[in-house]
Amino acid sequence: MSISCYVVDDESGAIALMEEYIEQTPELELVGTSLNPVEALDDLTGVNAPDITFVDVDMRLLSGLDLAGMVNLYTTVVFTTAFPQYAVQAFEKEAFDYLLKPITYDRFLKCIQHAKRKRKQAAKNDYPIREDFFNIKSEIKGRMVKITFDEVMYIEGAVNYIQIHTTDGKHMTYLTMKEIEHHLPKPLFARIHRSFIVNVNFVKVTERGQIKLKNGESLDMGDNYKQRFLDLMDAYLIKTNRKPDKDD
């Protein structure tokens, strides 16, 4: 499977170099470039966001650090810059790597090899999609509970535990949200809040900063997760090509 790449830099020469490196590297696919970080936002968010985005730190319209904060939920960010002093801030933005200009192909390739290893490890650890269930240790010692994906309405974080809300009751287990999220098939399950993961099949209404479930419960959407969830829902929206009536 190819790795899709995107380049954002306000210098055309820097983009040209990254284009050359991407094109000559097997398994990489260049899906877009932009000299304008603001215009690039639409390409870097949503269900079709690239796997890796190479972002220059020092840009006039919008800094790469600010851009990364807006898109790092959708794409893996690799910073490219001539200024080493931004390194700490870059990794605070959860940057995958930090390439100092002038970027050599050898250094670029090391970054890509690291990304490939991470992808292979993630694929190796992924829960087999052909299975429709998972097991958890219950709050009762020595008890294991089997839960099917289809019966999970949503999952709620509770400090060092999670509470799994299913169609037949609640189950508390000693796991983190990140640990359980790793084993849930996407896009069936979506993170909507630091404390909530929802089964989209149970979402009845999406409005403002909340979703309403089929059982009548309402859950808040967090600012850092809301747009990604709305993009996911929008992908299933049936739209018309007709123009609205003048009286509407």
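The values are calculated or read from the model by the stated rules, or taken from the named source; none is laboratory data. Quantities reported herein were computed from a predicted structural model and do not represent experimental measurements. Virtual Cβ from ideal backbone geometry, glycine too; neighbours counted across all protein chains shown.
Observations on the model:
- Scan of the range 53-69 for residues that are surrounded by fewer than 21 Cβ atoms within 10 Å (Cβ to Cβ) and among the hydrophobic types (A, V, I, L, M, F, W, C), ordered by number: 61, 62, 65
- Tabulated pairs, the range 201-228, first touching a residue at least 24 places away in the same chain (Cβ under 8 Å) and not assigned by TED's automatic domain parsing to the domain that holds residue 72, second charged (D, E, K, R) and not in a strand (DSSP E or B), C-beta under 7 angstrom, 6+ apart or interchain: 202/214; 222/194
- Residue list for the range 201-248, filter: under 18 Å from residue 169 (Cα atoms) and touching a Leu at 6+ places or on another chain (Cβ under 6 Å): 202
- Exactly one residue among 223, 231, 150 is of a type in the set (Asp, Glu), surrounded by 12 or more Cβ atoms within 10 Å (Cβ to Cβ) and within 30 Å of residue 44 (Cβ to Cβ), and that residue is 231.
- When residues in the range 157-196 are screened for being exposed (fewer than 13 other Cβ atoms within 10 Å of the Cβ) and of a type in the set (Asp, Glu), 2 of them pass.
- Qualifying residue in the range 67-80 (condition: more than 25 Å from residue 191 (Cβ to Cβ) and touching a residue at least 12 places away in the same chain (Cβ under 8 Å)): yes
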